[in-house]
Structures are given as C-alpha cells and as structure tokens.
Amino acid sequence: LGGGRGGLSQDQAPRTMALARGSSVARAAAQAAAAQGGVLARAAAAAQPLREASSAASKRPLSPHLTIYKFTPNMISSTTFRGTGIAMTVGTAAGAIALMATGAQAESAFMVVQESMLLKPLVKAAIAFPLTFHFLGGIRHLAWDSLWGFDQPTITSSAWGVLYGSAGLTALLAFAEFEE
C-alpha cells in the first residue's frame, strides 16, 4: 500500500478502508484508490463524509406537516380568504356554464329554490359567505397596504373581526327577504 510516490502511508490505508465500509461503491472506490495511489485515495476519503451525510439525510423524517402547527386566527383567515376567492371564481364559471347548457330550463330550477323554505336560505348563505368574507378580508388587506394593523394583537383581532363579521352578514343576507 505504501511506498511509491503518491501511495498511501501505513496510517492512511486502514483509515481509507474503514471509511469505505459504509457503501459497496465507496468500498470499491477506496480499494481502487488504494491500488492506484495517493490522489485517488485522498479523493475517496474526502467524498466519504458527503456519502455519510446523504445516507443520514435519507433516514430523517420529511418536513413537518400541517398537523404540528397550532392554527392561529390569522392562518385560518388567510386560508379562508384564498379559498373564498377560488370558490367564487369556480362558482361563477360553473354557474355560467350551467346557464348556457340548460337555457330556458334554468328558470324552473330557480323557482324550485325560491319556493323551498330549506333550500332558499342555504343557497343564499352559500353565495353570501364567500362574498362577505372575501370583501371584509379585502378591506383588511387594504388596511395592511396602508401600513395599518401590523402588530400581532391587531392582526389577531382583525382576523376574528372578518370571521364574525362575515358570519353575521351571511346570516343577515340568508334570512333577509327582499321585495321586488
């Protein structure tokens, strides 16, 4: 092992072989390096910590999932704000497509909802909640754009305010009767 120019010294050879025990590829590389001489041996020894770190990383758990987080009012408000925006976009597109597909038959479906004591407030609430939540959340974001309310107590109270305000407005709109 030792001897010639660039070869392993007596103390380097056992260390190189010990480093190579972890992987068959690393073992083969270390054996080839020992046979070839010093430059390859030093390269194999230098690469071993990277291989060890890679194998240790593969045994670690994945990134933390949502289940480890405590849901704050601001997290819930932010997620719901995005969800209501998506729901309104998808709902508007689906409603338009449904109206185009059904044509004159849509009027009879609207009449069924209008005459039902159960369906009417549910449909009105399903339309009112995304509108009111997104509207009040938008006002909250406009306040943030004007640099108001960036302290933690205001962020939390405004999140609750948007939630309670939209729930109240939704209930009001769901059970309100408008005359023609």
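Things worth noting here:
- Surface per residue (accessible, 1.4 Å probe) for region 67-180, Å²: 71
- In this simple spin-label model, placing a label point 7 Å from the Cα along the Cα-to-Cβ direction at both D151 and A125 gives a separation of 3.7 nm.
- Surface composition of region 87-180: carbon plus sulfur atoms contribute 74% of the solvent-accessible area (1.4 Å probe, protein chains only, all chains present).
- Taking θ as phi - 60° and the Karplus parameters 6.51, -1.76 and 1.60, the scalar couplings of region 135-142 work out to 5, 5, x, x, 5, 4, 5, 5 Hz in sequence order, x denoting glycine and proline.
- For H141 and S116, the FRET efficiency from 1/(1 + (r/R0)^6), where r spans their Cβ atoms and R0 equals 30 Å, is about 0.25.
- A simple spin-label model places pseudo-atoms 7 Å from Cα toward Cβ; at A167 and A94 they are separated by 2.5 nm.
The values are calculated or read from the model by the stated rules, or taken from the named source; none is laboratory data. Computed from a predicted model, the values in this text were never measured in an experiment. Using ideal geometry, Cβ is built from the backbone for each residue, glycine included, and neighbour counts are taken over all protein chains shown. Each accessible area value is taken on the protein alone, full model and side chains, heavy atoms only, with ligands, DNA and RNA left out. Shrake-Rupley method; radii C 1.70, N 1.55, O 1.52, S 1.80 Å.
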